[in-house]
Amino acid sequence: MAATDVLHTTQNSALTALAAPVQLRNVVRQFGQQKVIDELNLDIAPGEFVALLGASGSGKTTLLRALAGLDAIDSGQLRVPLARAAVFQEPRLMPWKSAWKNVVLGLNISNPHARALDALAEVGLSHRVNAYPATLSGGEAQRVALARGLVREPKLLLLDEPFAALDALTRIRMHQLIIELWRKHTPAVLLVTHDVDEAILLADRVIVLEQGKIADEVRIDLPRQRSTAQTGFQAIRTRLLGLLGVDSAAAHDTAEAPVVQDNLRRFANVR
Amino acid sequence: MSEKTLDSRSPESGFLIVDKPPRVDTNAGRKRWKAPDFVVRLLSPLALLLLWELASQTGLLPSRVIAAPSQIGGTLWAMIESGELGTHLWVSLHRALLGLSIGVCIGVVAALVSGLSKKGEVILDSPMQMLRTIPSLALVPLFILWFGIGEFTKVALIVTGTTFPVYLNLYSGIRNIDPKLIEAANTLGLNRRQLIWHVILPGSLPSFFVGLRYSLGISWLALVFVEQINTTAGIGYLASDARDFMRTDVIVICLLIYSILGLVIDAIIRTLERYALAWRPTFARN
């Protein structure tokens, strides 16, 4: 079911390329002479989950900030939905507002309290509705931030390393939660991450950014629920690590990537 | 209940060995009576007071140096009963609060103007920064020439002293709001009015309270000073009058009043903070 979902999405994106919520054409962003984003073209289909990998300084965060409307671009065309939300590495909650007030901050709706309760229940925080951010754990605060983003029903959800500061166990739970919420709300997602495993576990498509350009992209057709023990996972991981310039023992496997991908598809269908 | 630590000459030297028997709660069932904390705390001040009284009674401390506690107590009671103390206290309190509230208002308005707008900063900030370096008590001669020696000068001096701490702290509080929170507010689509109301003002409130505390301290200091120049009422007048008659008991009473008022106002601010800053980690975790 999950696999067909993904397939459906990809076919859909081919058909409705014009309706892609995110469209970037020849986007350039430069600081002085250095082009941080260099003639970048990128489409994200409705409901597609895209992960953005890249070494530090490859322009990932700059790109995300441009999409979030926090930074301007210097040239090129950029189209993003206005209904967008961002979750950053730090939860960025207003410390002086309780969890539920943070969730509906800036929303002009008739019954904010009820909406906030629903959103917090979705992320499993019904019991912390009135808590101040200072009393929340890192994972709880990040879930409030997620609820705050999703309550706006965004067409595009931007995630800037949102799980990087969490402990390993919390991160696993957050991965499951984010997939659940993504399925339910169906926003297009752009996840910026350093973590290759995370990218493979979550995304439909992984884009590797290098010096402001797309170095390569890999479509992940592994069926969900994904796990690192899944057949084919390691092959994708090795390939991505190779693209990121990490010499793993099996770096030469990258050359056989197409074969590996064939295998993957087969396994995905068997499931 | 013994802790056994093997000495270094034992064969196991190089280890710290702790071997404690399990704890037995001997107090289970009955609670031993213990004097409350504040009673224990009162013991040493009371002892000091007793020594002071003894020294006065034996003539070791002549009353022109300092009056005996018993005499001070008697005078205090007499002053309260005759209503003398109440009248003077009211006059002082009125001065301090009037000056303080005007000063704080000016400071807040100025900080908002220069903190929230670039133009306001250009126009207001540098004169404020220049003026703040003048100690307000140094303005006394000028103020007396301008406004005479009446009530206006006294309140004006308290105003000038209390404006700047509030201005400086609130201004820096506004300017030092975490830019990440401002960014978050922008991605949430807050407009400027909402940004000021939901993010900037609550975020700078702690700094405002710091300024308010400073201002309170200064208002008290200024009060003591201005009430000694030319007054016919107020705690400061009481003190300088007592000086002329060598009434050390009255002087001590005035000092006492000043310190009690300081404590009371501090307690009020503390309560306000507890309420207004309930979200701060120190308060929120309790």
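The values are calculated or read from the model by the stated rules, or taken from the named source; none is laboratory data. This one's a predicted model, so the numbers in the text were calculated from it and none came from an experiment. Cβ: placed from backbone, ideal geometry, glycine included. Neighbour counts: every protein chain shown.
Key figures for this structure:
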{"quantity": "From the options A:V206, A:V189, residue that is in contact with a Phe, Trp or Tyr (Cβ under 9 Å, 6 or more places away or on another chain) and buried (at least 19 other Cβ atoms within 10 Å of the Cβ)", "calculated": "A:V189"}
{"quantity": "Residue ID - nearest to the other protein chains (Cβ to nearest Cβ), chosen from residues in segment A:148-176 that are of a type in the set (D, E) and either farther than 11 Å from A:A86 by Cα or assigned to a helix (DSSP H, G or I) (or both)", "calculated": "A:E153"}
{"quantity": "Qualifying residues in segment A:53-65 (those that are small (G, A, S) and either out of contact with any Gly (no Cβ under 8 Å at 6 or more places or on another chain) or within 14 Å of chain B (Cβ to nearest Cβ) (or both)) - the one surrounded by the fewest Cβ atoms within 10 Å (Cβ to Cβ)", "calculated": "A:S56"}
{"quantity": "Odd one out for B:G234 among (1) free of Cβ contacts under 8 Å to residues at least 24 places away in the same chain; (2) crowded, with 19+ Cβ neighbours inside 10 Å; (3) at positive phi", "calculated": "(1)"}
{"quantity": "Yes/no for A:A116 being over 25 Å from the mean Cα position of the chain (by Cα), within 24 Å of B:I177 (Cβ to Cβ) and either part of a loop (DSSP other than H, G, I, E, B) or more than 11 Å from every other protein chain (Cβ to nearest Cβ) (or both)", "calculated": "no"}
{"quantity": "Residue satisfying all of: in segment B:264-286; in contact with a Lys or Arg (Cβ under 9 Å, 6 or more places away or on another chain) and within 24 Å of A:S137 (Cα to Cα); farthest from the other protein chains (Cβ to nearest Cβ) among these", "calculated": "B:F283"}
{"quantity": "Matching option when the condition is over 19 Å from the mean Cα position of the chain (by Cα) and part of a helix (DSSP H, G or I), among A:A134, A:A66, A:A145", "calculated": "A:A134"}
{"quantity": "Answer residue from segment B:253-285, given it is aromatic (F, W, Y) and assigned to a helix (DSSP H, G or I) and is surrounded by the fewest Cβ atoms within 10 Å (Cβ to Cβ) among those", "calculated": "B:Y275"}
{"quantity": "Test for B:T153: is it under 27 Å from the mean Cα position of the chain (by Cα) and either of a type in the set (D, E) or assigned to a helix (DSSP H, G or I) (or both)", "calculated": "yes"}
{"quantity": "Test: B:N169 is assigned to a helix (DSSP H, G or I), away from chain A (no Cβ under 14 Å) and closer than 30 Å to A:L70 by Cα", "calculated": "yes"}
{"quantity": "Close pairs (9 angstrom Cβ cut-off, 6 or more residues apart or separate chains): over 16 Å from A:V87 (Cα atoms) and away from every other protein chain (no Cβ under 13 Å) in segment A:100-113, surrounded by fewer than 22 Cβ atoms within 10 Å (Cβ to Cβ) and polar (S, T, N, Q) anywhere", "calculated": "A:W100/A:N130"}
{"quantity": "Considering residues of segment A:66-99 that are surrounded by fewer than 21 Cβ atoms within 10 Å (Cβ to Cβ) and of a type in the set (K, R) only, the residue nearest to the other protein chains (Cβ to nearest Cβ)", "calculated": "A:K97"}
{"quantity": "Of all residues in segment A:102-116 being surrounded by fewer than 17 Cβ atoms within 10 Å (Cβ to Cβ) and in contact with a helix residue (DSSP H, G or I) (Cβ under 7 Å, 6 or more places away or on another chain), the one that is modelled with the highest pLDDT", "calculated": "A:H113"}
{"quantity": "Selection from segment B:225-235 of residues that are farther than 19 Å from B:P141 by Cα and either among the hydrophobic types (A, V, I, L, M, F, W, C) or outside any loop (DSSP other than H, G, I, E, B) (or both)", "calculated": "B:A233, B:I235"}
{"quantity": "Filter result for A:V50 (in a strand (DSSP E or B), under 21 Å from A:A147 (Cα atoms) and more than 14 Å from every other protein chain (Cβ to nearest Cβ))", "calculated": "yes"}
{"quantity": "Residue that is nearest to B:T271 (Cα to Cα), among those in segment B:192-207 that are more than 7 Å from chain A (Cβ to nearest Cβ) and buried (at least 20 other Cβ atoms within 10 Å of the Cβ)", "calculated": "B:S207"}
{"quantity": "Residue in segment B:241-248 that is within 13 Å of the chain's Cα centre (by Cα) and buried (at least 16 other Cβ atoms within 10 Å of the Cβ) present", "calculated": "no"}
{"quantity": "Segment B:172-186, residues that are part of a helix (DSSP H, G or I) and within 10 Å of chain A (Cβ to nearest Cβ)", "calculated": "B:K180, B:L181, B:I182, B:E183, B:A184, B:A185, B:N186"}
{"quantity": "Criterion (assigned to a helix (DSSP H, G or I) and either surrounded by 19 or more Cβ atoms within 10 Å (Cβ to Cβ) or within 11 Å of chain A (Cβ to nearest Cβ) (or both)) met by exactly one of B:G189, B:G211", "calculated": "B:G211"}
{"quantity": "Options B:G148, B:G161: the member that is touching a residue at least 24 places away in the same chain (Cβ under 8 Å) and of a type in the set (G, A, S)", "calculated": "B:G161"}
